[in-house]
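The values are calculated or read from the model by the stated rules, or taken from the named source; none is laboratory data. Being a predicted model, the structure only gives us computed values, none of them experimental. Cβ placement follows ideal geometry from the backbone for every residue including glycine, while neighbour counts extend to all protein chains displayed.
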Amino acid sequence: MMNGDTYAQVPLAALTGSMRDFRVPGGADLLGRTEGFYRWQDLRRQNGLWPFSRATEDGPKTVCAAQDDRGNKMQGVNFASQDYLSLSSHPEIMATAIETIERCGVHSAGSPALVGNTSHSVALERKIAEFLNMDHVVLYPTGWGAGFGVVKGLVRSADHIVMDMLAHSCLQEGANAATNNIHLFRHLDNDYCRNILAKIRAKDKENGILVITEGLFSMDSDTPSLLELQTLCHEYNATLVVDVAHDLGSLGKDGRGHIGMQNMLGKVDVVMGSFSKTFASNGGFVASKSRAVKEYLRFYSAPATFSNALSPVQAATVLKAFDIVDSFEGRVLRLELLANVMTLRRELSEAGLEYYGDPSAIVCVKMGSEGLARLVSRHLPELGLVANLVEFPAVPKGAARIRLQVMANHTEQNIADAVQILKTARVEAEQELEELGTDKQPAKRIAA
Ligand SMILES: Cc1ncc(COP(=O)(O)O)c(C=O)c1O
(Lines give C-alpha, C1' and ligand atoms only; values in the text may rest on other atoms or scores of the structure.)
Protein backbone atom coordinates (compact mmCIF):
# COMPACT_ATOMS: atom_id res chain seq x y z
CA MET A 1 0.00 0.00 0.00
CA MET A 2 2.86 2.30 0.71
CA ASN A 3 4.04 4.11 -2.36
CA GLY A 4 6.71 6.79 -2.03
CA ASP A 5 5.16 9.67 -0.18
CA THR A 6 1.66 8.29 -0.17
CA TYR A 7 -0.05 5.69 1.94
CA ALA A 8 -3.44 4.21 1.07
CA GLN A 9 -3.66 7.04 -1.43
CA VAL A 10 -2.97 9.48 1.40
CA PRO A 11 0.09 11.73 1.17
CA LEU A 12 1.98 11.32 4.41
CA ALA A 13 2.10 15.04 5.05
CA ALA A 14 -1.68 15.02 5.33
CA LEU A 15 -1.48 12.66 8.30
CA THR A 16 1.04 14.74 10.23
CA GLY A 17 1.60 18.34 11.26
CA SER A 18 -0.87 20.50 13.11
CA MET A 19 -2.44 23.91 13.05
CA ARG A 20 0.15 24.98 15.62
CA ASP A 21 2.80 24.81 12.83
CA PHE A 22 1.24 27.81 11.13
CA ARG A 23 0.27 29.97 14.10
CA VAL A 24 3.20 32.33 13.69
CA PRO A 25 3.98 32.45 9.98
CA GLY A 26 7.08 34.42 9.04
CA GLY A 27 7.70 37.09 6.41
CA ALA A 28 6.66 40.65 5.65
CA ASP A 29 3.78 39.75 3.37
CA LEU A 30 0.82 39.47 5.74
CA LEU A 31 -1.47 38.01 3.12
CA GLY A 32 1.06 35.88 1.27
CA ARG A 33 2.23 34.14 4.43
CA THR A 34 -1.17 32.50 4.88
CA GLU A 35 -0.31 30.24 1.93
CA GLY A 36 1.64 27.63 3.95
CA PHE A 37 -1.38 26.83 6.09
CA TYR A 38 -3.64 26.72 3.07
CA ARG A 39 -1.36 24.28 1.22
CA TRP A 40 -1.32 21.89 4.19
CA GLN A 41 -5.02 22.30 4.82
CA ASP A 42 -5.87 21.76 1.18
CA LEU A 43 -3.74 18.63 1.01
CA ARG A 44 -5.83 17.29 3.86
CA ARG A 45 -9.02 18.54 2.21
CA GLN A 46 -8.23 16.88 -1.13
CA ASN A 47 -7.65 13.59 0.72
CA GLY A 48 -10.84 13.70 2.76
CA LEU A 49 -8.90 14.50 5.92
CA TRP A 50 -10.22 17.99 6.63
CA PRO A 51 -13.52 17.43 8.48
CA PHE A 52 -13.94 21.05 9.58
CA SER A 53 -16.17 23.92 8.41
CA ARG A 54 -19.02 21.60 7.44
CA ALA A 55 -22.61 22.78 7.00
CA THR A 56 -25.88 21.06 7.91
CA GLU A 57 -28.70 21.40 5.40
CA ASP A 58 -31.60 21.96 7.84
CA GLY A 59 -30.07 22.73 11.19
CA PRO A 60 -28.65 20.66 14.02
CA LYS A 61 -31.09 17.74 14.07
CA THR A 62 -30.28 14.30 15.49
CA VAL A 63 -30.20 12.89 11.97
CA CYS A 64 -29.11 15.38 9.39
CA ALA A 65 -27.87 16.03 5.89
CA ALA A 66 -24.63 17.94 5.70
CA GLN A 67 -21.91 18.90 3.27
CA ASP A 68 -18.20 19.36 3.69
CA ASP A 69 -16.34 22.42 2.48
CA ARG A 70 -15.75 20.80 -0.92
CA GLY A 71 -19.51 20.46 -1.36
CA ASN A 72 -19.53 16.67 -0.81
CA LYS A 73 -22.87 15.67 0.63
CA MET A 74 -23.56 13.17 3.37
CA GLN A 75 -26.42 11.99 5.53
CA GLY A 76 -26.25 10.44 8.95
CA VAL A 77 -26.71 10.51 12.69
CA ASN A 78 -25.52 13.79 14.08
CA PHE A 79 -23.34 13.83 17.19
CA ALA A 80 -21.49 17.00 16.23
CA SER A 81 -24.02 19.67 17.23
CA GLN A 82 -24.28 21.44 20.56
CA ASP A 83 -27.98 21.35 21.36
CA TYR A 84 -27.89 19.28 24.52
CA LEU A 85 -31.58 19.47 25.47
CA SER A 86 -32.72 19.58 21.81
CA LEU A 87 -34.28 22.99 22.42
CA SER A 88 -33.27 24.50 19.07
CA SER A 89 -36.23 22.72 17.43
CA HIS A 90 -38.60 22.78 20.43
CA PRO A 91 -42.08 23.85 19.20
CA GLU A 92 -42.62 26.45 21.97
CA ILE A 93 -39.23 28.00 21.36
CA MET A 94 -39.83 28.18 17.63
CA ALA A 95 -43.28 29.74 18.25
CA THR A 96 -41.69 32.30 20.60
CA ALA A 97 -39.09 33.15 17.96
CA ILE A 98 -41.73 33.65 15.26
CA GLU A 99 -43.95 35.83 17.51
CA THR A 100 -40.96 37.93 18.52
CA ILE A 101 -39.90 38.48 14.92
CA GLU A 102 -43.43 39.52 14.02
CA ARG A 103 -43.51 42.01 16.88
CA CYS A 104 -39.92 43.33 16.97
CA GLY A 105 -38.27 42.52 13.63
CA VAL A 106 -34.96 40.70 13.58
CA HIS A 107 -32.31 43.11 14.80
CA SER A 108 -31.30 44.84 18.03
CA ALA A 109 -29.87 47.75 16.03
CA GLY A 110 -27.71 49.06 18.85
CA SER A 111 -25.17 48.36 21.55
CA PRO A 112 -26.47 47.33 24.97
CA ALA A 113 -24.68 50.41 26.31
CA LEU A 114 -27.00 52.56 24.17
CA VAL A 115 -30.44 51.50 23.01
CA GLY A 116 -29.82 47.92 21.79
CA ASN A 117 -31.61 46.32 24.76
CA THR A 118 -35.19 45.16 24.43
CA SER A 119 -37.85 44.17 26.94
CA HIS A 120 -36.75 40.59 26.17
CA SER A 121 -33.10 41.16 27.04
CA VAL A 122 -33.99 43.04 30.23
CA ALA A 123 -36.26 40.15 31.26
CA LEU A 124 -33.50 37.66 30.34
CA GLU A 125 -30.99 39.43 32.59
CA ARG A 126 -33.45 39.17 35.46
CA LYS A 127 -34.17 35.51 34.72
CA ILE A 128 -30.49 34.48 34.69
CA ALA A 129 -29.78 36.44 37.87
CA GLU A 130 -32.63 34.62 39.61
CA PHE A 131 -31.67 31.23 38.15
CA LEU A 132 -28.12 31.57 39.47
CA ASN A 133 -28.96 33.46 42.65
CA MET A 134 -26.45 36.08 41.51
CA ASP A 135 -28.39 39.41 41.43
CA HIS A 136 -26.72 41.08 38.43
CA VAL A 137 -26.18 39.97 34.85
CA VAL A 138 -24.59 41.49 31.73
CA LEU A 139 -25.49 39.97 28.36
CA TYR A 140 -23.03 39.54 25.49
CA PRO A 141 -23.63 38.84 21.79
CA THR A 142 -21.67 35.56 22.01
CA GLY A 143 -20.35 33.28 24.73
CA TRP A 144 -16.87 33.91 23.37
CA GLY A 145 -17.37 37.65 23.83
CA ALA A 146 -18.53 37.07 27.41
CA GLY A 147 -15.40 35.04 28.25
CA PHE A 148 -13.02 37.47 26.57
CA GLY A 149 -14.94 40.45 27.87
CA VAL A 150 -15.06 39.51 31.53
CA VAL A 151 -11.31 38.88 31.69
CA LYS A 152 -10.25 41.92 29.68
CA GLY A 153 -12.90 44.03 31.41
CA LEU A 154 -11.73 43.29 34.96
CA VAL A 155 -7.97 42.71 34.66
CA ARG A 156 -5.36 45.45 34.09
CA SER A 157 -1.71 45.05 33.13
CA ALA A 158 -0.30 45.02 36.69
CA ASP A 159 -2.81 42.36 37.79
CA HIS A 160 -2.35 38.59 37.63
CA ILE A 161 -4.30 35.80 36.00
CA VAL A 162 -4.12 32.27 37.40
CA MET A 163 -5.80 29.92 34.99
CA ASP A 164 -6.44 26.21 34.46
CA MET A 165 -4.17 25.31 31.54
CA LEU A 166 -7.14 23.92 29.57
CA ALA A 167 -9.37 26.99 29.90
CA HIS A 168 -11.24 27.89 26.73
CA SER A 169 -9.78 30.07 23.97
CA CYS A 170 -12.02 33.04 24.90
CA LEU A 171 -10.55 33.10 28.40
CA GLN A 172 -6.97 32.62 27.19
CA GLU A 173 -7.33 35.35 24.57
CA GLY A 174 -8.89 37.66 27.16
CA ALA A 175 -5.98 36.93 29.48
CA ASN A 176 -3.39 37.59 26.75
CA ALA A 177 -5.05 40.88 25.93
CA ALA A 178 -5.24 41.96 29.58
CA THR A 179 -1.79 41.30 31.11
CA ASN A 180 1.55 39.57 30.72
CA ASN A 181 1.22 38.16 34.26
CA ILE A 182 -0.43 34.90 33.28
CA HIS A 183 0.17 31.77 35.38
CA LEU A 184 -1.24 28.47 34.14
CA PHE A 185 -1.91 25.71 36.63
CA ARG A 186 -2.07 21.99 35.92
CA HIS A 187 -5.57 20.94 34.85
CA LEU A 188 -7.90 20.70 37.89
CA ASP A 189 -4.92 20.82 40.27
CA ASN A 190 -6.02 23.12 43.10
CA ASP A 191 -2.81 22.54 45.08
CA TYR A 192 -0.80 23.78 42.14
CA CYS A 193 -3.12 26.78 41.98
CA ARG A 194 -2.59 27.43 45.70
CA ASN A 195 1.21 27.42 45.24
CA ILE A 196 0.95 29.98 42.50
CA LEU A 197 -1.37 32.19 44.56
CA ALA A 198 0.96 31.98 47.55
CA LYS A 199 3.97 32.94 45.40
CA ILE A 200 2.17 35.89 43.85
CA ARG A 201 0.89 37.19 47.18
CA ALA A 202 4.33 36.81 48.81
CA LYS A 203 5.53 39.48 46.38
CA ASP A 204 2.49 41.49 45.42
CA LYS A 205 -0.30 42.51 47.75
CA GLU A 206 -1.28 45.55 45.72
CA ASN A 207 -2.71 44.14 42.52
CA GLY A 208 -5.64 41.95 41.63
CA ILE A 209 -5.64 38.21 40.86
CA LEU A 210 -8.28 36.60 38.67
CA VAL A 211 -8.51 32.80 38.95
CA ILE A 212 -10.17 31.18 35.94
CA THR A 213 -11.69 27.75 35.52
CA GLU A 214 -14.65 25.98 33.91
CA GLY A 215 -17.62 24.12 35.36
CA LEU A 216 -17.23 21.34 32.79
CA PHE A 217 -14.24 21.12 30.46
CA SER A 218 -15.30 20.64 26.88
CA MET A 219 -12.61 18.22 25.73
CA ASP A 220 -12.21 16.09 28.86
CA SER A 221 -15.66 16.22 30.46
CA ASP A 222 -14.22 16.79 33.91
CA THR A 223 -14.69 19.42 36.59
CA PRO A 224 -12.80 21.10 39.43
CA SER A 225 -13.73 21.32 43.08
CA LEU A 226 -15.32 24.76 43.05
CA LEU A 227 -15.64 25.15 46.82
CA GLU A 228 -11.92 24.52 47.23
CA LEU A 229 -11.03 27.01 44.50
CA GLN A 230 -13.39 29.69 45.83
CA THR A 231 -12.01 29.20 49.35
CA LEU A 232 -8.47 29.58 48.00
CA CYS A 233 -9.48 32.77 46.24
CA HIS A 234 -10.84 34.25 49.49
CA GLU A 235 -7.67 33.22 51.31
CA TYR A 236 -5.41 34.99 48.81
CA ASN A 237 -7.63 37.97 48.02
CA ALA A 238 -8.28 36.70 44.50
CA THR A 239 -11.46 36.62 42.42
CA LEU A 240 -12.85 33.44 40.88
CA VAL A 241 -14.56 33.27 37.51
CA VAL A 242 -16.17 30.01 36.37
CA ASP A 243 -17.18 29.40 32.74
CA VAL A 244 -20.34 27.27 32.77
CA ALA A 245 -20.87 27.12 28.99
CA HIS A 246 -21.27 23.34 28.88
CA ASP A 247 -22.94 22.37 32.15
CA LEU A 248 -25.45 25.13 32.83
CA GLY A 249 -28.92 23.92 31.94
CA SER A 250 -27.82 20.44 30.90
CA LEU A 251 -26.44 18.96 34.13
CA GLY A 252 -27.81 18.57 37.63
CA LYS A 253 -31.36 17.80 38.73
CA ASP A 254 -32.33 21.47 38.55
CA GLY A 255 -30.06 22.36 35.60
CA ARG A 256 -27.70 24.53 37.64
CA GLY A 257 -24.73 22.50 36.40
CA HIS A 258 -21.73 21.84 38.62
CA ILE A 259 -22.29 25.06 40.57
CA GLY A 260 -25.61 23.60 41.71
CA MET A 261 -24.31 20.05 42.08
CA GLN A 262 -21.45 21.28 44.28
CA ASN A 263 -23.80 23.41 46.39
CA MET A 264 -22.12 26.61 45.20
CA LEU A 265 -25.17 28.43 43.90
CA GLY A 266 -24.76 32.15 44.63
CA LYS A 267 -21.32 31.51 46.16
CA VAL A 268 -18.97 31.87 43.17
CA ASP A 269 -17.60 35.40 42.66
CA VAL A 270 -18.29 35.59 38.92
CA VAL A 271 -20.13 33.15 36.65
CA MET A 272 -19.75 33.38 32.89
CA GLY A 273 -21.69 31.32 30.38
CA SER A 274 -22.85 30.76 26.84
CA PHE A 275 -26.32 30.12 25.46
CA SER A 276 -25.10 28.16 22.47
CA LYS A 277 -24.94 24.66 23.98
CA THR A 278 -28.25 24.33 25.81
CA PHE A 279 -30.23 27.55 25.35
CA ALA A 280 -30.83 27.41 21.60
CA SER A 281 -29.11 30.62 20.54
CA ASN A 282 -25.88 32.51 20.20
CA GLY A 283 -25.11 34.72 23.16
CA GLY A 284 -23.49 34.75 26.58
CA PHE A 285 -23.57 36.37 30.00
CA VAL A 286 -21.57 37.37 33.03
CA ALA A 287 -23.24 37.20 36.45
CA SER A 288 -22.09 38.62 39.77
CA LYS A 289 -23.53 39.82 43.07
CA SER A 290 -22.58 43.41 42.42
CA ARG A 291 -24.40 46.17 40.57
CA ALA A 292 -21.08 48.02 40.34
CA VAL A 293 -19.47 45.06 38.50
CA LYS A 294 -22.39 44.93 36.10
CA GLU A 295 -22.26 48.65 35.34
CA TYR A 296 -18.47 48.57 35.01
CA LEU A 297 -18.53 45.67 32.54
CA ARG A 298 -21.31 47.27 30.58
CA PHE A 299 -19.00 50.22 29.82
CA TYR A 300 -15.47 48.75 30.08
CA SER A 301 -15.90 45.30 28.53
CA ALA A 302 -15.68 45.92 24.80
CA PRO A 303 -17.94 43.10 23.52
CA ALA A 304 -20.72 44.35 25.83
CA THR A 305 -20.09 48.01 24.98
CA PHE A 306 -19.01 48.26 21.37
CA SER A 307 -20.83 45.32 19.78
CA ASN A 308 -24.53 45.19 19.01
CA ALA A 309 -26.77 43.57 21.60
CA LEU A 310 -28.42 40.18 21.28
CA SER A 311 -31.30 40.55 18.82
CA PRO A 312 -34.82 40.54 20.28
CA VAL A 313 -35.43 37.08 18.82
CA GLN A 314 -32.24 35.73 20.40
CA ALA A 315 -33.12 37.20 23.79
CA ALA A 316 -36.71 35.90 23.64
CA THR A 317 -35.50 32.46 22.52
CA VAL A 318 -33.03 32.19 25.38
CA LEU A 319 -35.61 33.45 27.88
CA LYS A 320 -38.04 30.76 26.76
CA ALA A 321 -35.23 28.18 26.91
CA PHE A 322 -34.50 29.18 30.53
CA ASP A 323 -38.21 28.77 31.33
CA ILE A 324 -38.13 25.24 29.91
CA VAL A 325 -34.80 24.38 31.56
CA ASP A 326 -36.28 25.55 34.88
CA SER A 327 -39.50 23.51 34.50
CA PHE A 328 -40.57 19.90 35.04
CA GLU A 329 -40.10 19.39 31.30
CA GLY A 330 -36.51 20.59 31.64
CA ARG A 331 -35.92 18.02 34.35
CA VAL A 332 -37.32 15.28 32.10
CA LEU A 333 -35.15 16.43 29.19
CA ARG A 334 -32.06 16.31 31.41
CA LEU A 335 -32.96 12.79 32.49
CA GLU A 336 -33.38 11.77 28.86
CA LEU A 337 -30.04 13.35 28.01
CA LEU A 338 -28.33 11.57 30.90
CA ALA A 339 -29.92 8.24 29.94
CA ASN A 340 -28.56 8.72 26.41
CA VAL A 341 -25.12 9.62 27.76
CA MET A 342 -25.01 6.49 29.94
CA THR A 343 -26.20 4.28 27.07
CA LEU A 344 -23.57 5.74 24.76
CA ARG A 345 -20.78 5.27 27.30
CA ARG A 346 -21.87 1.69 28.01
CA GLU A 347 -22.11 0.76 24.32
CA LEU A 348 -18.76 2.36 23.56
CA SER A 349 -17.16 0.26 26.31
CA GLU A 350 -18.83 -2.88 25.01
CA ALA A 351 -17.42 -2.07 21.58
CA GLY A 352 -13.93 -1.75 23.07
CA LEU A 353 -13.79 2.01 22.61
CA GLU A 354 -12.47 4.16 25.46
CA TYR A 355 -13.62 7.67 26.30
CA TYR A 356 -12.60 10.54 28.55
CA GLY A 357 -14.18 11.98 31.67
CA ASP A 358 -17.34 11.93 33.70
CA PRO A 359 -20.92 11.53 32.43
CA SER A 360 -22.04 14.65 30.55
CA ALA A 361 -23.28 15.53 27.07
CA ILE A 362 -19.63 15.52 25.97
CA VAL A 363 -18.30 12.04 25.23
CA CYS A 364 -14.83 12.19 23.69
CA VAL A 365 -13.71 8.86 22.28
CA LYS A 366 -9.97 8.19 22.56
CA MET A 367 -8.07 7.72 19.31
CA GLY A 368 -4.45 8.54 20.10
CA SER A 369 -2.29 9.60 17.18
CA GLU A 370 -3.44 12.40 14.92
CA GLY A 371 -2.92 10.15 11.89
CA LEU A 372 -5.24 7.46 13.23
CA ALA A 373 -7.89 9.98 14.30
CA ARG A 374 -7.82 11.64 10.87
CA LEU A 375 -8.21 8.32 9.09
CA VAL A 376 -11.08 7.35 11.42
CA SER A 377 -12.73 10.69 10.79
CA ARG A 378 -12.32 10.20 7.02
CA HIS A 379 -14.48 7.08 7.17
CA LEU A 380 -17.33 8.62 9.18
CA PRO A 381 -19.22 10.46 6.39
CA GLU A 382 -19.41 7.41 4.11
CA LEU A 383 -20.60 5.31 7.07
CA GLY A 384 -23.21 7.90 8.13
CA LEU A 385 -21.91 9.61 11.28
CA VAL A 386 -21.40 13.35 11.75
CA ALA A 387 -18.91 13.79 14.59
CA ASN A 388 -16.05 16.17 15.28
CA LEU A 389 -12.37 15.34 15.10
CA VAL A 390 -10.40 17.01 17.89
CA GLU A 391 -6.62 17.12 17.61
CA PHE A 392 -3.55 19.05 18.78
CA PRO A 393 -3.37 21.90 19.69
CA ALA A 394 -6.98 21.77 20.97
CA VAL A 395 -5.87 18.69 22.98
CA PRO A 396 -2.36 17.35 23.75
CA LYS A 397 -0.29 15.78 20.96
CA GLY A 398 -1.02 12.08 20.61
CA ALA A 399 -4.36 12.42 22.45
CA ALA A 400 -6.56 13.04 19.42
CA ARG A 401 -10.19 12.08 19.82
CA ILE A 402 -13.58 12.00 18.17
CA ARG A 403 -15.97 14.18 20.16
CA LEU A 404 -19.57 13.01 20.38
CA GLN A 405 -22.07 15.53 21.74
CA VAL A 406 -25.27 13.96 22.93
CA MET A 407 -28.77 15.43 22.67
CA ALA A 408 -31.88 14.60 24.69
CA ASN A 409 -33.70 13.67 21.46
CA HIS A 410 -31.16 11.11 20.25
CA THR A 411 -32.80 7.70 20.04
CA GLU A 412 -31.32 4.39 21.17
CA GLN A 413 -30.97 3.51 17.50
CA ASN A 414 -29.02 6.76 16.82
CA ILE A 415 -26.63 5.81 19.62
CA ALA A 416 -26.26 2.21 18.47
CA ASP A 417 -25.58 3.43 14.91
CA ALA A 418 -22.94 5.92 16.09
CA VAL A 419 -21.07 3.28 18.13
CA GLN A 420 -21.16 0.72 15.34
CA ILE A 421 -19.91 3.26 12.79
CA LEU A 422 -17.12 4.46 15.06
CA LYS A 423 -16.02 0.89 15.67
CA THR A 424 -15.99 0.05 11.96
CA ALA A 425 -14.14 3.25 11.13
CA ARG A 426 -11.59 2.60 13.84
CA VAL A 427 -10.90 -0.96 12.67
CA GLU A 428 -10.45 0.18 9.07
CA ALA A 429 -8.23 3.10 10.05
CA GLU A 430 -6.09 0.90 12.30
CA GLN A 431 -5.51 -1.51 9.42
CA GLU A 432 -4.55 1.37 7.16
CA LEU A 433 -2.17 2.77 9.72
CA GLU A 434 -0.69 -0.62 10.60
CA GLU A 435 0.41 -1.10 7.01
CA LEU A 436 2.21 2.22 7.29
CA GLY A 437 4.02 1.16 10.48
CA THR A 438 4.57 3.68 13.26
CA ASP A 439 8.35 3.62 12.83
CA LYS A 440 7.82 4.78 9.28
CA GLN A 441 5.72 7.74 10.38
CA PRO A 442 6.68 10.48 7.99
CA ALA A 443 8.80 13.36 9.15
CA LYS A 444 8.06 15.18 5.93
CA ARG A 445 5.85 18.25 6.28
CA ILE A 446 4.63 20.91 3.95
CA ALA A 447 6.63 24.03 4.69
CA ALA A 448 4.82 26.77 6.60
C1 LIG B 1 -15.98 26.55 27.59
C2 LIG B 1 -16.48 27.47 26.53
N3 LIG B 1 -16.59 28.78 26.80
C4 LIG B 1 -17.03 29.65 25.88
C5 LIG B 1 -17.39 29.25 24.62
C6 LIG B 1 -17.84 30.25 23.60
O7 LIG B 1 -19.20 30.21 23.46
P8 LIG B 1 -19.93 30.53 22.07
O9 LIG B 1 -19.54 29.48 21.10
O10 LIG B 1 -21.36 30.48 22.45
O11 LIG B 1 -19.50 31.88 21.63
C12 LIG B 1 -17.32 27.90 24.30
C13 LIG B 1 -17.74 27.43 22.96
O14 LIG B 1 -17.19 26.70 22.26
C15 LIG B 1 -16.83 26.99 25.27
O16 LIG B 1 -16.70 25.68 24.99
Provide a single number: the residues in region 175-186 that are crowded, with 17+ Cβ neighbours inside 10 Å and part of a helix (DSSP H, G or I).
2
Scanning region 316-343 residue by residue, the ones that are aliphatic (A, V, I, L, M) and within 20 Å of the chain's Cα centre (by Cα) total 6
Which numbered condition Ser221 misses (of (1) more than 15 Å from the ligand (Cβ to nearest atom); (2) at positive phi; (3) of a type in the set (Ser, Thr, Tyr)):
(1)
Scan region 358-375 and report the pairs whose first residue is in contact (Cβ under 8 Å) with a residue 60 or more places away in the chain and whose second residue is basic (Lys, Arg) and outside any loop (DSSP other than H, G, I, E, B), with Cβ atoms within less than 6 Å and a gap of 6+ or a chain change.
Cys364/Arg401; Cys364/Arg403
Residue count, region 40-65, condition assigned to a strand (DSSP E or B), of a type in the set (A, V, I, L, M) and surrounded by 14 or more Cβ atoms within 10 Å (Cβ to Cβ), comes to 2
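Condition check ((1) in a loop (DSSP other than H, G, I, E, B); (2) away from the ligand (no atom under 16 Å from the Cβ); (3) surrounded by 15 or more Cβ atoms within 10 Å (Cβ to Cβ)) across all residues:
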| position | (1), (2), (3) |
| --- | --- |
| Ala167 | yes, no, yes |
| Glu173 | no, no, yes |
| Ile200 | no, yes, yes |
| Glu206 | yes, yes, no |
So, Asn308, is that one more than 27 Å from Thr223 (Cα to Cα) and within 16 Å of the ligand (Cβ to nearest atom) or not?
yes
Out of curiosity, is Ala321 within 16 Å of the ligand (Cβ to nearest atom), over 15 Å from Leu139 (Cα atoms) and touching a helix residue (DSSP H, G or I) at 6+ places or on another chain (Cβ under 6 Å)?
yes
Scanning for something part of a helix (DSSP H, G or I), closer than 21 Å to Ala280 by Cα and either within 16 Å of the ligand (Cβ to nearest atom) or modelled with pLDDT of 95 or more (or both), does region 187-196 turn up at least one residue?
no
Output the residue which, of all residues in region 304-333 that are outside any helix (DSSP H, G or I) and not hydroxyl-bearing (Ser, Thr, Tyr), is farthest from Ala129 (Cα to Cα).
Phe306
So for region 5-23 (the condition being part of a helix (DSSP H, G or I), hydroxyl-bearing (Ser, Thr, Tyr) and free of Cβ contacts under 8 Å to residues at least 24 places away in the same chain), does at least one residue qualify?
no
Residue check: is Ala315 within 17 Å of Ala146 (Cβ to Cβ) and either in contact with a Lys or Arg (Cβ under 7 Å, 6 or more places away or on another chain) or modelled with pLDDT under 95 (or both)?
no
Does Ser307 fit the bill of being surrounded by fewer than 23 Cβ atoms within 10 Å (Cβ to Cβ), of a type in the set (Gly, Ala, Ser) and without any contact (Cβ under 8 Å) to a residue 24 or more places away in the chain?
no
